[in-house]
Amino acid sequence: MRADGTFIAVEVSDEAAADAALAAKLTEACPVDIYAQATDGALELVERNLDECVLCGLCLVAAPQDTVRVIKLYDGEACLAAV
Amino acid sequence: MRFFEYEAREVVKRAGIPVTDYGFTTEASEAKQIAERIGGPTVIKSQVLTGGRMKAGGVKFADTPEEAEAHARDILALEINGHMPRGVLVDPKAEVAQEYYAGVVWDGTRKQPVMIFSPVGGIDIEQVAEEQPEKVGRRHFSNILPLSDFEAKEVIASTGVTGSALNKLVPIVTRLAKLFVENDMTLAEINPLGQLKDGSFVALDAHMDIENEARGRHKKLLADLGVGDEETRQAREATPFELAGEEVDATDHRGVAGNVTEFDGNLGLVIGAGGGSLTLFDAVRAHGGEPANYCEIGGNPSVAKACGLAKLVLQKPGVDKIAVMMSIVSNTRVDIVARGVIKACLELGYDPAEKIAIFRIPGAWEEEGFKILEKYGVEYADRSVSLNEAARRAVEKIQGVAP
């Protein structure tokens with residue numbers, strides 16, 4: 001799944017998006033509420049909050065490697081590197 | 001925040017400065033009772049936070065309680081400069097031998113209070129200073145140490161006052177200085193300070209302003225005076241534009257993006273940071289620019305909040321461009337503000353490169369911020385460009401001097 005804001009896009013692999021435990025972890029980790037959990041436990045991306053991303057990288061730390069990508073649309077789609 | 005006269009008189013009274021046996025009321029019938037208690041001629045004064053009340057008919061003299069009631073009724077219904085009175089003050093008509101002036105004001109340049117005294121009271125001190133400068137004594141004093149008796153004496157004596165009057169005035173002046181400092185005031189003025197026929201002194205009118213930011217330190221005093229938290233007591237009512245700015249700032253807890261003041265120029269300002277907003281506002285004017293507004297942004301507001309403020313300013317009638325400028329001291333993230341102001345332009349259908357005259361915010365995350373600005377073709381400046389120079393460039397651009 002992928003959602004695009006004006007400046008930031010977030011892409012999550014389908015497998016990771018279906019993982020309820022990971023969805024809960026991402027929801028807790030993000031300081032600006034880009035991630036939310038649907039009633040069935042699956043991950044949701046909150047589009048209105050995408051541009052609030054502070055590039056903290058906490059979602060990248062919370063998720064298995066390469067399952068979540070934070071993309072800077074203003075920088076040639078460069079991906080935020082995991083800390 | 002300005003106090004009504006009846007509140008200022010109470011502050012004066014609590015400081016141990018003699019006042020007349022006045023009364024405050026919101027009812028004409030009670031004005032009669034106060035006049036009966038006073039037992040002589042009275043003055044009925046409208047309690048409004050604006051000048052010119054005498055000329056507008058907001059001050060009337062009464063010989064009897066019945067007359068005091070009638071005047072109170074008229075004054076309570078009288079609007080002065082768009083202000084309805086809070087109530088009326090019923091004051092004994094004092095037999096005054098001479099009117100003096102005593103005041104303390106905050107000197108923002110020296111960052112110290114300054115005591116001002118004159119034996120010519122009852123008129124504006126500015127007029128006395130212009131027409132009889134030798135009759136105005138001044139002295140700065142410490143923010144920490146109290147104004148001493150000898151310092152007060154020097155100020156008073158410098159205006160030619162001597163003898164018993166000098167001795168009686170010293171405690172009044174020192175108490176006024178004390179109440180000014182203790183209550184975080186920016187103005188504490190007794191004018192006139194009346195000398196009665198028996199030689200005693202009494203405060204006949206008082207004007208006081210407390211520092212808005214200090215209100216939290218004086219909750220008890222404000223509660224005692226009946227001043228509610230909701231009473232801003234600004235010089236004028238907030239405009240719809242300013243109220244909309246408050247709403248933007250209230251959207252979430254992060255940072256500041258508001259404190260908007262409306263002006264009628266064509267250059268919208270999104271400015272802030274540690275006094276930077278005032279400096280930038282002045283710089284724009286110094287270069288011949290006409291600000292459409294003053295505002296404050298800083299402390300890392302959300303993108304939505306920065307966007308909301310920029311949209312508000314951009315939508316203000318008459319605004320051609322906005323200048324986004326901050327000092328480096330705020331540590332507000334450059335990229336967050338850049339996103340906010342560019343998003344505002346895009347959502348309103350404007351080209352950010354056209355609408356943003358200049359973006360001068362150096363500091364945290366500036367590399368990311370500058371990448372965003374470059375993508376949208378917005379002219380930006382880093383810390384090598386001064387606030388003054390950034391303001392100059394913005395003004396040139398809006399005046400069509402620069403491309």
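A few remarks follow.
- With the simple spin-label model, which puts each label point 7 Å out from Cα in the Cβ direction, the B:GLU237 to A:ALA81 separation comes to 5.8 nm.
- Label point at B:GLU95 placed 7 Å out along Cα→Cβ; residues across the range B:33-69 whose backbone nitrogen lies under 18 Å: B:38-43, B:62-64
- Rounded if a/c under 1.5, otherwise prolate or oblate - chain B, Cα gyration tensor axes: prolate
- The range B:3-62-the range B:329-379 distance, computed between alpha-carbon centres (Å): 55 Å
- 222 nm mean residue ellipticity, helices alone, for chain B (DSSP H n ≥ 4; -39,500 (n - 2.57); rounded to 500): -11000 deg cm²/dmol
- Between 0 and 90 degrees, the angle of helix B:276-286 with respect to the longest Cα principal axis of chain B falls at about 90 degrees.
- Sites A:LEU58 and B:LEU278, calculated FRET efficiency, Cβ-Cβ separation with R0 41 Å, nearest 0.05: 0.65
- For peptide B:272-282, the mean count of partner chain Cβ atoms within 10 Å of a residue's Cβ comes to 0.
- The modelled label-to-label distance for the pair B:SER164/B:LYS197, using points 7 Å beyond Cα in the direction of Cβ, is 1.5 nm.
- R0 of 41 Å, Cβ-Cβ distance B:MET84-B:ALA286: FRET efficiency to nearest 0.05: 0.55
- The string of couplings for the range A:31-48 from the Karplus curve (6.51, -1.76, 1.60, θ = phi - 60°) is x, 10, 6, 6, 9, 9, 10, 6, 4, 7, x, 6, 7, 10, 9, 8, 4, 5 Hz, one whole number per residue in order, with x for Gly and Pro.
- Ordering of B:74-82, B:326-334, B:157-165 by packing [mean C-beta count within 10 Å, highest first]: B:326-334, B:74-82, B:157-165
- Under 11 Å, Cβ to Cβ, from B:VAL170 - net charge with Lys/Arg +1 and Asp/Glu -1: 0
- Compared with the alpha-carbon gap, the fully stretched path from B:GLN127 to B:GLU182 is longer by 16.9 nm at 0.36 nm per residue.
- Computed over the range A:2-79, the Cα gyration tensor eigenvalues convert (square root of 5λ each) into semi-axes of 19, 13, 11 Å, ordered from largest to smallest.
- With each label modelled as a point 7 angstrom along the Cα→C-beta vector, the B:GLU246-A:GLU47 pair spans 3.4 nm.
- Between 0 and 90°, nearest 10: helix B:387-398 axis offset from chain B longest Cα axis: 70 degrees
- When DSSP beta bridges are restricted to pairs lying wholly in the protein assembly as shown, around 80% turn out antiparallel.
- For peptides B:37-47, B:106-116, sequence by mean Cβ density within 10 Å, most packed first: B:37-47, B:106-116
- Residue separation of B:LYS219 and B:ILE144 scaled by 0.36 nm, minus their Cα-Cα distance, works out to 24.9 nm of gained length.
- A Förster radius of 51 Å, combined with the Cβ-Cβ distance separating B:ASP74 from B:GLN315, puts the computed FRET efficiency at roughly 0.70.
- For chain B, DSSP calls about 80 percent of its internal beta bridges antiparallel.
- Shielding by partners for peptide B:294-303, expressed as the average number of C-beta atoms from other protein chains within 10 Å of each residue's C-beta, is 2.
- The angle separating the long axis of helix B:5-14 from the principal Cα axis of greatest extent in chain B is about 70 degrees.
- Shielding by partners, peptide B:342-349 (average Cβ within 10 angstrom, other chains): 1
- DSSP bridge pairs, chain A: antiparallel proportion in percent, nearest 5: 100 percent
- Values of log10 I(q)/I(0), in the order q = 0.16 Å⁻¹, for the range B:1-70 under a Debye, Cα-only, solvent-free model: -0.60
Only the coordinates and a few stated rules stand behind these numbers; no lab work does. Just so we're clear, the structure is a prediction, and the values are computed from it rather than from any experiment. All Cβ positions, even for glycine, are placed from backbone atoms using ideal geometry, and neighbour counts span all protein chains on display.
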